[in-house]
Amino acid sequence: MEKSSETNGYLDGAQTGPAAGPGAPVTAVGRSRRCSDFLRRHAQVLLTVSGVVAGAGLGAALRELNLTRTQITYLAFPGEMLLRMLRMIILPLVVCSLVSGAASLDASSLGRLGGIAVAYFGLTTLSASALAVALAFIIKPGSGAQTLQSSDLGLEDGGPHPVPKETVDSFLDLVRNLFPSNLVVATFRTYATDYKMVTHNTSFGNVTREKIPYATEIEGMNILGLVLFALVLGVALKKLGSEGEELIRFFNSFNEATMVLVSWIMWYVPLGIMFLVGSKIVEMKDIIVLVTSLGKYIFASILGHVIHGGIVLPLVYFVLTRKNPFKFLLGLLTPFATAFATCSRVTATASSVGAAGVPAGGVLTIAIILEAIGLPTHDLSLILAVDWIVDRTTTVVNVEGDALGAGILHHLNQKAMKKGEQELSEVKVEAVANSKSEEETSPLVTHQNPVGPVASAPELESKESVL
């Protein structure tokens, strides 16, 4: 006979047998439910890994067919759509997030702790960047990549080689791009200095060649100019007060909608990455060099995360608080495990505004950086193939940095409060010592005619007794 049991006030008629206690074995329904929950939470990561594996198998199978350049181009078409979508989302992601972020900041309310927080995140970000550059020079994950076929499917440019750019002109181009002359043009063109070689003949028969710089524009989004304009626009909207609230709400809504678009694009990543990886494997001459380069990239990234998260950040915490950082981090094992499993984080620095709280959001940041410095984004597929590995340790280090930053601010706040309480107690002691002087100048002792003739002593005594 089927028995019904009541659990948490609800009647459950699906359970048979005795009521399940704390030590009862897990039922098949419970196991399937947990399994389905796990698959639902990690669906994007599992699909991405499946896409990489399927792409590797597809490329290995088609590699023996000796496909032509045209056939490889058609094979890479679904992956090309993924890269185009990622580049498409860069402009609204950067502009809307920075405008809404800058408009939400109130510099006057930051105070001392706010300034310390900005300095902390700026210091840790710069140290992480310096560490990454150092590891890249030491490990050299891209060494040997020149032996691979070009990523544009062998279509070589037969034009003349560009003249090396001078350091001064590179710096001036950076400043020029910060202030674009046309915002519409800045969305697809970048200012760049080129050179003309002019030959001069002197009267003595000597020939001299002079390299003269001139202005050109190259294909590529001017991210630097758009970032600066978005930040300034956000601050200007904040200064407008109530008049700028409607436009701020517009950019906030636009930013939220962009995040939804990013999450939709991430669901297309497994399919696109399968064809990207497959086409790359078919295209490359030496697969061993490709695998070695990606392996060194993963090793350099994880090693940088270990050094930054295990040495740099704890050292900063110890210097500012004089406390054991690892004892503090022991209480964060559960958040670290959650961050590693879900690859989801709350970003706090301006450099990671574009890194949305979605899986593989860091790839968008890499695409933004590549666009900003004028490097091609068509090889982004190689990073997409292994980002699901690197993004996990990246997320853990981000969570650790935010947690240590909060711990530092808490310590400094407690220290300031104790100092304030001590100063207040000293003030109270001084006030008690001066109580007699306060009594002599009591507001109860008043003069009815302060501007008239001076009253006699008996009159004053009578007035004080009345009061």
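The values are calculated or read from the model by the stated rules, or taken from the named source; none is laboratory data. Just so we're clear, the structure is a prediction, and the values are computed from it rather than from any experiment. Cβ coordinates were reconstructed from backbone atoms using ideal geometry, including for glycine residues, and neighbour counts include every protein chain displayed. Only protein heavy atoms, including side chains, enter the accessible area calculation; ligands, DNA and RNA are left aside. Shrake-Rupley method; radii C 1.70, N 1.55, O 1.52, S 1.80 Å.
Just a few scattered comments:
- Of all residues in segment 211-259, exactly one satisfies the criterion of being of a type in the set (Val, Ile, Thr), under 15 Å from Ile90 (Cα atoms) and open to solvent by 30 Å² or more (accessible area, probe 1.4 Å), namely Val227.
- Leu233, sole failed condition from (1) on the phi > 0 side of the Ramachandran plot; (2) in contact (Cβ under 8 Å) with a residue 60 or more places away in the chain: (1)
- Some residue of segment 48-71 being within 30 Å of Asn222 (Cα to Cα) and at pLDDT 90 or above: no
- Qualifying residue in segment 302-309 (condition: modelled with pLDDT of 75 or more, of a type outside the set (Phe, Trp, Tyr) and either over 22 Å from Val386 (Cβ atoms) or touching a Gly at 6+ places or on another chain (Cβ under 9 Å) (or both)): yes
- All positions within segment 71-91 that are within 22 Å of Leu233 (Cβ to Cβ) and buried (at least 17 other Cβ atoms within 10 Å of the Cβ): Ile89, Ile90, Leu91
- Applying the condition of being in contact (Cβ under 8 Å) with a residue 40 or more places away in the chain and outside any helix (DSSP H, G or I) to segment 84-136 and asking which residue is farthest from Leu231 (Cα to Cα) yields Asp106.
- Once segment 100-148 is narrowed to residues that are more than 28 Å from Ile302 (Cβ to Cβ) and modelled with pLDDT under 75, the residue that is surrounded by the most Cβ atoms within 10 Å (Cβ to Cβ) is Leu110.
- Single match in Asn201, Asn206, Asn222 (criterion: out of contact with any strand residue (DSSP E or B) (no Cβ under 7 Å at 6 or more places or on another chain) and of a type outside the set (Lys, Arg)): Asn206
- Top-ranked residue in segment 278-297 [being closer than 30 Å to Pro92 by Cα and at pLDDT 85 or above; ranked as surrounded by the fewest Cβ atoms within 10 Å (Cβ to Cβ)]: Tyr297
- Residue count for segment 170-185 under the criterion of being among the polar types (S, T, N, Q) and in contact (Cβ under 8 Å) with a residue 40 or more places away in the chain: the result is 1.
- Selection count where residues are open to solvent by 50 Å² or more (accessible area, probe 1.4 Å) and either within 10 Å of Ile281 (Cβ to Cβ) or not charged (D, E, K, R) (or both), scope segment 59-70: 7
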